[in-house]
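Notes follow the structure.
The values are calculated or read from the model by the stated rules, or taken from the named source; none is laboratory data. This one's a predicted model, so the numbers in the text were calculated from it and none came from an experiment. Neighbour counts run over all protein chains shown; Cβ positions are idealised from the backbone, glycine included.
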Amino acid sequence: MRSFDDIAADFEFLDDWEDRYRYIIELGKELPPLAEEDHTEENRVHGCVSQVWLKVMPEGNGPDAVLHFAADSDALIVRGLVAILLSMVEGKTAREIMDMGIKARLESLGLQEHLTQQRANGLASMIQRLHQEARKVAEAA
């Protein structure tokens with residue numbers, strides 16, 4: 001998985017939003033597949049127009065537990081957005097994820113003004129879910 005810093009650098013290199021959309025789709029294609037048995041209602045992210053599933057695999061409990069993620073979507077562009085989100089949070093502790101300004105980091109890419117309102121709402125739902133999962137693990141100490 002590419003780092004968020006690498007993704008941000010690639011975004012700066014690409015001038016045209018058509019090229020950036022193609023890059024987001026490419027990131028989605030690189031996202032490791034989520035096992036079919038993990039496409040469950042429990043893993044589904046609500047608030048997204050497309051189907052999105054997020055599986056959380058914590059190492060331990062409490063704020064210092066390290067979180068690992070697997071995710072999928074039925075839409076390529078959304079898979080790419082998920083890949084960008086996971087590039088920020090994969091392998092981070094629950095505390096780091098809760099304290100991270102995920103939305104602000106995403107805004108640095110300029111995505112918000114180039115997404116439909118429905119996709120932007122879905123992205124907000126995914127960010128909210130990441131924070132909820134981190135909080136749940138942090139509080140399970």
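Can you find, within the range 65-74, the residue that is farthest from Glu90 (Cα to Cα) among those that are surrounded by 14 or more Cβ atoms within 10 Å (Cβ to Cβ) and more than 14 Å from the chain's Cα centre (by Cα)? Walk me through how you get there before you give the answer.
Step one: filter the range 65-74 for residues surrounded by 14 or more Cβ atoms within 10 Å (Cβ to Cβ), giving 65-73.
Next, only the ones that are more than 14 Å from the chain's Cα centre (by Cα) stay: 65-66.
Values: Ala65: 12, Val66: 9 Å.
Checking each candidate, the answer is Ala65.
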Criterion violated by Ser87 - all others in (1) touching a helix residue (DSSP H, G or I) at 6+ places or on another chain (Cβ under 6 Å); (2) surrounded by fewer than 17 Cβ atoms within 10 Å (Cβ to Cβ) satisfied: (2)
Candidate set from the range 1-47 (those that are in contact with a Ser or Thr (Cβ under 8 Å, 6 or more places away or on another chain) and of a type in the set (Val, Ile, Thr)); member that is surrounded by the fewest Cβ atoms within 10 Å (Cβ to Cβ): Ile7
Qualifying positions in the range 1-29 - modelled with pLDDT of 95 or more and under 18 Å from Trp53 (Cβ atoms): Leu27, Gly28, Lys29
Residue tally, condition assigned to a loop (DSSP other than H, G, I, E, B) and either closer than 14 Å to Val82 by Cβ or polar (S, T, N, Q) (or both), over the range 2-47: 11
Residue pairs meeting the criteria (Cβ under 7 Å; at least 6 apart or on separate chains; first farther than 12 Å from Glu133 by Cβ, in the range 54-78; second surrounded by 21 or more Cβ atoms within 10 Å (Cβ to Cβ) and among the acidic types (Asp, Glu)): none
Subset tally (residues that are more than 13 Å from Phe69 (Cβ to Cβ), assigned to a helix (DSSP H, G or I) and in contact (Cβ under 8 Å) with a residue 60 or more places away in the chain) for the range 82-135: 9
Odd one out for Leu67, checked against (1) touching an Asp or Glu at 6+ places or on another chain (Cβ under 8 Å); (2) part of a loop (DSSP other than H, G, I, E, B); (3) not polar (S, T, N, Q): (2)
